[in-house]
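Everything below concerns the one structure shown next.
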């Protein structure tokens, strides 16, 4: 897994896209560490997970920009495609005949210690055991909404503000689709994020080092908001996926 920007100043021992914390929305470094612990523990999306940790770390002032969240999202999606493509070349996965769908919702309190996160898997449909580890890894990477949600009052943790996010990703006969939804503090906060996302993705597009796959991901991503929720949707038509898997794409 390649290094993420600024991770070393915020986290210790990061793996598998751990830099998906809530620093952008003002969550404490303890919440970041809590996320790292969640990602390194054994993961079973079929079970709802509730847990707490006692952590004691010093506050940090560094806050990643939206651009860093976008960059990590694109890296994770590209890794998903690369992994599935590798399995396809080995004859362990046929995108023309196989499908899958995974969805989950998350509440993560914005507290400095004794965090209790609630992770509610909603669906895990997959008939191919060969790709299960790849799907579970991508699920972990999507879990925290890429730092784009706000700390808000909620029903799950009445005495604590929490960030709420949810995701769905699926492959069906028409496309591979990833949808991430994050809850914002109000209409203006949602509007501000919606305004910031398109130019951020465009700036990633002009990166000379961006691969063909990443360029396609950027082109295939759209944004919308519904009241105080913001949705990021990347949809790759099946023909695009088949072309990626047919040969090595740099």
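The numbers here are math on the coordinates, done by the rules we state, and not lab data. If you're wondering where the values come from, they're calculated on a predicted model, not measured in any experiment. Here the Cβ positions follow ideal geometry from the backbone for every residue, glycine too, while neighbour counts run over all protein chains shown.
Tabulated data
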{"read-out": "Gain in span if fully extended, residue 195 to residue 125, counting 0.36 nm per residue against the direct Cα distance", "value": "21.8 nm"}
{"read-out": "Fewest-first sequence of 176, 193 by Cβ atoms within 10 Å of each Cβ", "value": "193, 176"}
{"read-out": "Cα gyration tensor, region 176-250 - rounded (a/c under 1.5), prolate or oblate", "value": "oblate"}
{"read-out": "For region 113-250, the spread of Cα positions along each principal axis, largest first, Å", "value": "53, 38, 28"}
{"read-out": "Label-to-label distance, nm, for residues given as residue 207 and residue 188 (7 Å Cα→Cβ offset)", "value": "3.2"}
